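Just below is one structure, and these are the notes that go with it.
The values are calculated or read from the model by the stated rules, or taken from the named source; none is laboratory data. Treat the numbers as computed from the prediction; the structure is a model and nothing was measured. Methodologically, a virtual Cβ is constructed for each residue, glycine included, from the backbone with ideal geometry; neighbour enumeration extends over all protein chains shown. In case anyone asks, the SASA skips ligands and DNA or RNA and just uses the protein heavy atoms, side chains included. Shrake-Rupley method; radii C 1.70, N 1.55, O 1.52, S 1.80 Å.
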Amino acid sequence: MAELTQGVKDAQAKFDAGMGADGDASPYPMLAELRAKAPVHPGWPEMSILENPAEGQQIFSAYTFDAVKAVFTDNKTFSTRCYEAIVRPLQGPTILEMQEPEHQVYRKLHEFAFARTSMRRWEAELVRPLVERTVDRLRDVKRADLVEVVFMPIPVRVIAALIGLPESDIGEFHRLAIDLLGFHSDMDNALRASAQLREYFVGILADRRREPRDDMVSVLAAAEIDGVKMSDEQIYGFMRNLLPAGAETTSRSTASLAFGLLTHPDQFAAVHADRSLLPQAIEEGIRWETPLLNFIRETTCYVEFFGMQIPAGSSITVNLGSANHDETRWANPEHFDIFRERKPHIGFGHGAHVCIGMHLARLESTIIFNTLMDRLPGLRVDPDAPAPYVSGMYFRSPQHLHVVWD
């Protein structure tokens with residue numbers, strides 16, 4: 001059974017509390033007010049920074065779809081080099097912080113790990129059997145918390161399998177990954193987790209260099225473009241980034257989509273009857289409840305941007321959740337509606353740094369929802385359990401989703 005260990009549950013509870021995921025507070029009313037006033041604001045209003053100092057570090061925040069997309073599109077003006085200070089101490093060198101032309105080469109090296117041919121094989125040999133096994137073990141129980149037994153464990157197990165971790169290590173790997181991600185509330189704990197993960201991956205990589213296998217680590221160890229290969233530290237960085245980037249967001253987006261569908265039974269019934277609606281339901285879920293709201297960039301030069309004069313070296317935060325709720329792009333954006341006019345959202349980012357694992361995320365979501373609908377007849381929210389709700393101000397998803405079936 002893909003049960004979460006108590007260590008993972010405790011780490012997740014600490015992480016959620018540290019990220020402001022108490023109760024059903026929503027950032028969306030405040031974000032709507034901010035969009036109504038201006039596309040871009042000085043300071044960082046969500047963090048109660050309402051203006052900039054006369055001198056020193058300046059910060060600005062983008063909230064509308066067009067402003068957020070413009071930041072992601074122009075990665076020369078709005079650089080990711082700020083992640084060198086934010087992410088490198090925790091994950092080591094990653095492509096998050098790289099600039100062109102270096103970024104383009106290393107992104108291609110990373111893409112070897114996500115090749116479409118691999119994806120087809122993963123679907124048949126890894127993701128589908130894992131999902132079907134997990135759901136089949138539930139069938140006779142007739143009630144469950146889908147977050148605990150499906151949405152949290154499956155994406156972690158997919159990532160663990162892709163990098164070739166033994167089954168016995170998955171619980172500890174998951175706990176360390178959550179601790180790493182919780183650096184906002186406990187930096188010392190996050191740095192300890194990072195060091196332990198690196199030490200663990202040293203052994204994995206050395207083993208794959210000796211005896212390559214059919215997994216991501218072996219692919220990355222061998223990948224080469226024009227004589228450029230990834231260093232060991234870059235591979236450790238990729239592996240430490242993979243769980244927060246790949247599993248955490250997929251866990252949250254699948255849980256939020258299930259919440260949206262099950263609390264709108266007419267839409268759930270429509271998808272159940274016509275599976276060709278599932279892709280648009282997945283996209284609407286990510287638009288409606290974007291799993292990770294905030295990213296940050298740094299300006300490389302002075303820029304006039306949506307009415308703001310932004311000095312070189314300023315930080316600019318972008319709120320993907322706000323962009324995906326922009327009422328000038330979507331009518332009634334707070335409402336979950338899989339039948340709304342289809343327009344691309346920005347939940348996976350955009351431009352040169354667009355999420356490299358988005359095809360894997362969509363694949364996992366598709367298999368999970370088809371399997372739940374095929375094998376748990378009459379799936380519905382448990383009327384005897386506390387009503388589910390979405391929580392979080394930065395990472396968002398329901399912490400629990402109690403369901404029953406026939």
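Given contacts defined as C-alpha pairs under 8 Å and at least six residues apart, what's the relative contact order of the stretch 107-250, whole-number percent?
Across the stretch 107-250, relative contact order equals 31 percent.
How much solvent-accessible surface does Glu123 expose, in Å² to the nearest 10, with a 1.4 Å probe and all protein chains in place?
Only protein atoms counted, so the area is about 60 Å².
Just read off the accessible area of Glu327 with the full protein assembly in place, 1.4 Å probe, to the nearest 10 Å².
Looks like 90 Å² after rounding.
Pull up all non-local amide H partners of Ile316: gap of 5 or more, or a different chain, and H-to-H distance under 5 Å with H placed in the peptide plane.
Under 5 Å from the amide H of Ile316: Phe60, Arg297, Glu298, Thr299.
Quick one: compute the contact order of the chain, relative version, from alpha carbon pairs under 8 angstrom and 6+ residues apart, as a percent. Let's see the in-between values first.
Details: 620 pairs, mean separation 115.9, N = 406.
Computed over the chain, the figure is 29 percent.
Using 0.36 nm per residue of separation minus the Cα-Cα distance, give me the extension gain between Glu304 and Glu33 in nm, one decimal.
The span from Glu304 to Glu33 would gain 95.3 nm if fully extended.
Pull up all non-local amide H partners of Phe305: gap of 5 or more, or a different chain, and H-to-H distance under 5 Å with H placed in the peptide plane.
HN-HN under 5 Å from Phe305: Ile310.
Which three semi-axes in whole Å describe the equivalent ellipsoid of the chain, each the square root of 5 times a Cα gyration tensor eigenvalue, listed largest first? Let's see the in-between values first.
On the way: eigenvalues 199, 164, 77 Å².
Equivalent ellipsoid of the chain: 32, 29, 20 Å, largest first.
Ranked from the most accessible area to the least, with a 1.4 Å probe and all protein chains present, what is the order of Arg209, Arg396? Mind showing how you got there, number by number?
Numbers: Arg209 110, Arg396 5 Å².
Sorted by accessible area, descending: Arg209, Arg396.
Tell me, what is the FRET efficiency for Thr73 and Arg120 to the nearest 0.05, using R0 = 30 angstrom and their Cβ-Cβ distance as r?
That gives a FRET efficiency of 0.45.
How large is ³J(HN,Hα) for each residue in the stretch 285-294, as worked out from phi by the Karplus curve 6.51 cos²θ - 1.76 cosθ + 1.60 (θ = phi - 60°), to whole Hz, x for Gly and Pro?
With coefficients 6.51, -1.76 and 1.60, one gets x, 5, 5, 5, 10, 4, x, 10, 7, 10 Hz.
Return the single residue from Phe238, Phe339, Phe112 with maximal mean-square fluctuation; model: Gaussian network over the chain, springs between Cα atoms under 10 Å.
The residue that fluctuates most here is Phe339.
Under a point spin-label approximation (7 Å from Cα along Cα-to-Cβ), what is the His400-Arg209 distance to one decimal in nm?
Going by the 7 Å Cα→Cβ label model, 4.8 nm.
Note down the accessible area of Trp44, probe 1.4 Å, to the nearest 10 Å².
Accessible area, nearest 10 Å²: 50 Å².
Distance from a point 7 Å along Cα→Cβ of His359 to each backbone N in the stretch 181-225: keep the residues under 18 Å and list them by number.
Answer for the stretch 181-225: 215-217, 219-220, 223-224.
Past 25 Å, Cα to Cα: identify those pairs from Lys37/Lys76; Lys108/Lys343; Lys9/Lys69; Lys69/Lys229; Lys69/Lys343, in the order given. Present the calculation step by step, with values, prior to reporting the outcome.
On the way: Lys37/Lys76 27 Å; Lys108/Lys343 28 Å; Lys9/Lys69 35 Å; Lys69/Lys229 31 Å; Lys69/Lys343 14 Å.
Going by Cα-Cα distance, Lys37/Lys76; Lys108/Lys343; Lys9/Lys69; Lys69/Lys229 fall outside the 25 Å limit.
Tell me, what HN-Hα J-couplings in whole Hz come from the Karplus equation 6.51 cos²θ - 1.76 cosθ + 1.60 at θ = phi - 60° for each residue of the stretch 226-238, using x for Gly and Pro?
6, x, 8, 10, 7, 6, 4, 4, 5, 5, 4, x, 4
Short version: ³J(HN,Hα) in whole Hz for each residue of the stretch 35-47, in order, from phi by Karplus 6.51 cos²θ - 1.76 cosθ + 1.60 (θ = phi - 60°), x for Gly and Pro, what are they?
The phi angles translate into 4, 5, 7, 5, x, 10, 10, x, x, 9, x, 4, 9 Hz.
Subtracting the Cα-Cα distance from 0.36 nm times the residue separation, let me have the gained length for Asp226 to Ser48 in nm, one decimal.
Details: separation 178, 0.36 × 178 = 64.08 nm, distance 4.76 nm.
59.3 nm is the gain from fully extending Asp226 to Ser48.
So who's got an amide H within less than 5 Å of the one on Ser391, skipping anything under 5 residues away but keeping other chains? H placed 1.01 Å off N, in plane.
The answer is Ser397, Gln399.
Counting each DSSP H run of 4 or more residues in the chain as -39500 (n - 2.57), what helix-only mean residue ellipticity at 222 nm follows after dividing by all residues, to the nearest 500 deg cm²/dmol? Walk me through the intermediate numbers first.
On the way: 18 runs with 188 residues, N = 406.
Dividing the helical sum by the residues of the chain leaves -14000 deg cm²/dmol.
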